[in-house]
Amino acid sequence: MSSLKFDLGPRRYDLDWVRIGAFMLLIFYHVGMYYVTWDFHVKSPHVSTAIEPLMTLSSPWRLSLLFLVSGVATAHLLARGGNFMRSRSVRLLIPLVFGMAVIVPPQSYLEVVEKVGYDGSFAQFYRLYITGYHGFCREDCLIMPTWNHLWFVAYLWVYTLVLFICVSLAPRIVPWARQAAERIFAGLGILLWPIALLAAVRIALVARFPQNHALVGDWYNHASYFAVFVLGFALAGTHAPWTALQRSRWHALGLSVLGWAALCAYYGIYSGDADPPQALRVFMRGVYAAQAWLAIAAVLGFAHRHLMRDNAARRYLTAAIFPVYILHQTVIIVLAHALQPAHIAPPVEGILLVASTTAACFVGYELIRRIRLLQPLFGAGREASVGTGGRAAGRMHAPAESF
């Protein structure tokens, strides 16, 4: 892979902050999932549609943004050379397997307790979980073992492997893609072409391949997420596209808010059994794609303008955020279930869930960074370690694997 080694410029601190923000947003989003009418592993007794418009504000784009940032990170890692695929597999697959075996099972246990009335102990359930029992059924059957929120890690590893194979077989495609991105995504191209691609994907595939996060058969998600992952890879080291994102940030923000308002109106009018005309349905798929990319463009533009700086908080959070992500959904579900007998009003309970989940996850990270055996299980590299005197070993500069 030495032919792929080249300079992509200085570390992108703005994308570190974007990654931190996107992962932290998941805590708020998954707490919200406990209260809305959409399906989730456990549900509040006070389910309503009240905050669904707020959830819709980020649901079209938050994960695509993470895949795009991961594409940029992949480009930087490849440019450094070394045993790229081995290091990525260690960083991603070990936490995935550990998460499926240890972190995720409490989610599935509480799901069957609440949804199918399972009255066995967790130890009894775990024997069923680890042996692949498929007898917990309502409309469909719970698949076990499962990766639940860790599907992102599985997809990221697969996309990384596919990209690695492609650039290994045709290394000249890397500078060609970067040159093409520099030209095509300058000016308005950075807004128009991604919208056109994502709209075409959504119009063509979303109805035929509903999202399942199961890797197999999830073709709409693969087409959209892999597209933005490759786009991030191509944008790494370019200049004109990032300048265009910065210049268009206010326009992108305004248009994304208009798109969000249109989606909320559409979902409000055609909720329940109401059936929209086919032409309107297709048009709104395009609006969904446009809102998603415009929101991503706004986030990237504002970050590029205001967050190109390093500090101690960035270094700490960059190392912490992946372990926090691994822990967060299980913490939310366990706490939410435990709080149900207290009958706390939803606004207060929601704030309590966000605060306590955030605190618990960072306490968990503090334990992880102090116990060397736990670090690879949570994808925490050397930058997370605490050395002599309690100072972070990677204080000076976290490695590119972190973003």
Among what's in region 1-40 and is polar (S, T, N, Q) and either part of a helix (DSSP H, G or I) or on the phi > 0 side of the Ramachandran plot (or both), pick the residue that is modelled with the highest pLDDT. Ser3
Quick check on region 32-68: of everything there that is hydroxyl-bearing (Ser, Thr, Tyr) and within 15 Å of the chain's Cα centre (by Cα), which residue is nearest to Leu231 (Cα to Cα)? Ser64
Pairing a residue in region 124-143 that is under 18 Å from Ala214 (Cα atoms) with any residue that is hydroxyl-bearing (Ser, Thr, Tyr) and at pLDDT below 95, where Cβ atoms lie under 8 Å and the two sit 6 or more apart in sequence or on different chains, gives none
Out of the residues in region 109-160 that are β-branched (Val, Ile, Thr) and in contact with a Lys or Arg (Cβ under 8 Å, 6 or more places away or on another chain), which is modelled with the lowest pLDDT? Val116
Could you list, in sequence order, the residues of region 202-221 that are in contact (Cβ under 8 Å) with a residue 24 or more places away in the chain and either basic (Lys, Arg) or buried (at least 20 other Cβ atoms within 10 Å of the Cβ) (or both)? Arg202, Asn221
Subset of region 199-235, residues part of a helix (DSSP H, G or I), under 28 Å from Asp16 (Cα atoms) and not aliphatic (A, V, I, L, M), comes to Tyr220, Asn221, His222, Ser224, Tyr225, Phe226, Phe229, Gly232, Phe233
Mind listing whichever residues of region 123-158 are of a type in the set (Val, Ile, Thr) and within 30 Å of Val72 (Cα to Cα)? Thr146, Val153, Val158
Just to be sure, is Arg309 at pLDDT below 95 and closer than 29 Å to Leu231 by Cα? yes
Of these, Leu57, Leu78, Leu68, which one is touching a Gly at 6+ places or on another chain (Cβ under 6 Å), surrounded by 15 or more Cβ atoms within 10 Å (Cβ to Cβ), under 30 Å from Ala298 (Cα atoms) and not small (Gly, Ala, Ser)? Leu68
The residue from Pro95, Pro145 that alone is assigned to a helix (DSSP H, G or I) and farther than 18 Å from Phe233 by Cα is Pro95
If I go through region 103-123 residue by residue, how many of them are farther than 21 Å from Phe40 by Cβ and either among the polar types (S, T, N, Q) or in contact (Cβ under 8 Å) with a residue 40 or more places away in the chain (or both)? 1
Among the listed residues Arg315, Arg281, which satisfies the condition of being under 30 Å from Gly99 (Cα atoms), among the charged types (D, E, K, R) and surrounded by fewer than 23 Cβ atoms within 10 Å (Cβ to Cβ)? Arg315
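The values are calculated or read from the model by the stated rules, or taken from the named source; none is laboratory data. Because the structure is a prediction, the values reported are computed rather than measured. Using ideal geometry, Cβ is built from the backbone for each residue, glycine included, and neighbour counts are taken over all protein chains shown.
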